[in-house]
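None of the figures in this text is laboratory data; all of them are computed from the coordinates on show. Remember, it's a predicted structure, so these values are computed and weren't measured experimentally. Glycine gets a Cβ as well: all are built from the backbone with ideal geometry, and neighbour counts include every protein chain shown.
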Amino acid sequence: MSNSPKTIACVPFVLALVCSLLGPALAQTSGSQSKPRGGPMPRMPNGRPDLNGVWDRPYVPDMTRDGTGQKGTAQLPFTAAGLADWKGYDAANGDYTGSCMPFGMSRSINSPYPLQIVQNDRYVALLFEQNSWFHVVPIDGRPHPAPDELEPTWFGHSIGKWDGDTLIVDTVGFNGYTRLDTIGHPHSDALHLIQTFRRSDLGHLAYTITIDDPKTYTKPWKNERTFTLSKGEIMEYSCEENNKSLWEGRIKPWTPPARKK
């Protein structure tokens, strides 16, 4: 983390979240340290790359930073509204994750716990150990519903398609309540996420996520990562079970703002 005032102000809140929300899962062993490093990429019976497996991922609390297995975008191209949102954000005033609300797609992908991918000819399902969330992506060629038919949601509406050996997952229809990462980079309900998944060999998956949100950023920007195949299994995770910091008043409760008509 940087030594900026924003980051320092967030430290007590982040520590509270780690201790009260993430503590039970940290005590679990959710993957094996023995991971395959090479070998040919497996394929499904239909010839498509086989993405099935439990994948360990780098924890990305700040999408502007580089780290082990991930490359960030250092300077974010904020719009005036996006910059005002970023400068005005203070997790101590009530971050939605402290009240066990869904993280949203980007922040869930950024989380430190394993992700299981389940794939067949019609769907790819993303099973997050983080809070036992799931997200199902049809890959059968259907389009997104018309914008006026989309009900805004925490994780958005996704469709997938193959470009050679790369799966592209296109997601729209967000409710605008979430943040992109732990440090709190903002987005709006106009967020359009493009994720790519490419199994580079037996033990690794190359992943990218592109943030396209014209209300918050003047141009799209990207984060790149490498996932590693785990021999473990994902485990049950309950945010609510041991959320003592919320119960005892150290975390300010959060409720969704009134939706504009």
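Structure values in brief
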{"quantity": "Out-of-range pairs (alpha-carbon distance over 32 Å; input Lys71/Lys231; Lys161/Lys215; Lys161/Lys219; Lys219/Lys252; Lys161/Lys231)", "calculated": "Lys219/Lys252"}
{"quantity": "Arg43 paired with Phe134, simple spin-label distance in nm, labels 7 Å along Cα-to-beta-carbon", "calculated": "2.9 nm"}
{"quantity": "Per-peptide average of other Cβ atoms within 10 Å, ordering 50-57, 181-188 highest first", "calculated": "181-188, 50-57"}
{"quantity": "Dipole-positive endmost among Ala81, Asn93, Asn223 within segment 5-247 (Cβ charges, Cα centre)", "calculated": "Asn223"}
{"quantity": "Mean-position separation - Cα centroids, segment 76-152 and segment 176-239, in angstrom", "calculated": "8 Å"}
{"quantity": "Point-to-point label distance, Ile194-Lys87, nm (Cα→Cβ direction, 7 Å offset)", "calculated": "3.1 nm"}
{"quantity": "For segment 155-168, 3J(HN,Hα) per residue [Karplus equation, 6.51 cos²θ - 1.76 cosθ + 1.60, θ = phi - 60°, Hz, x = Gly/Pro]", "calculated": "9, x, 10, 10, 9, x, 8, 9, 10, x, 9, 10, 8, 10"}
{"quantity": "Theoretical gain in end-to-end length, Thr218 to Lys161 [0.36 nm per residue, Cα-Cα removed]", "calculated": "17.9 nm"}
{"quantity": "18 Å reach of a label modelled at Arg122, 7 Å along Cα-to-Cβ, counting backbone N of segment 138-170", "calculated": "138-145, 158-162"}
{"quantity": "Cβ-based net charge around Asp121, under 14 Å, with every Lys or Arg adding one and every Asp or Glu removing one", "calculated": "+3"}
{"quantity": "Paramagnetic reach from Thr64 (point 7 Å along Cα→Cβ, amide N under 20 Å) across segment 202-242", "calculated": "209-225"}
{"quantity": "Cα→Cβ-extended label distance, 7 Å offset, between Cys100 and His144, nm", "calculated": "3.2 nm"}
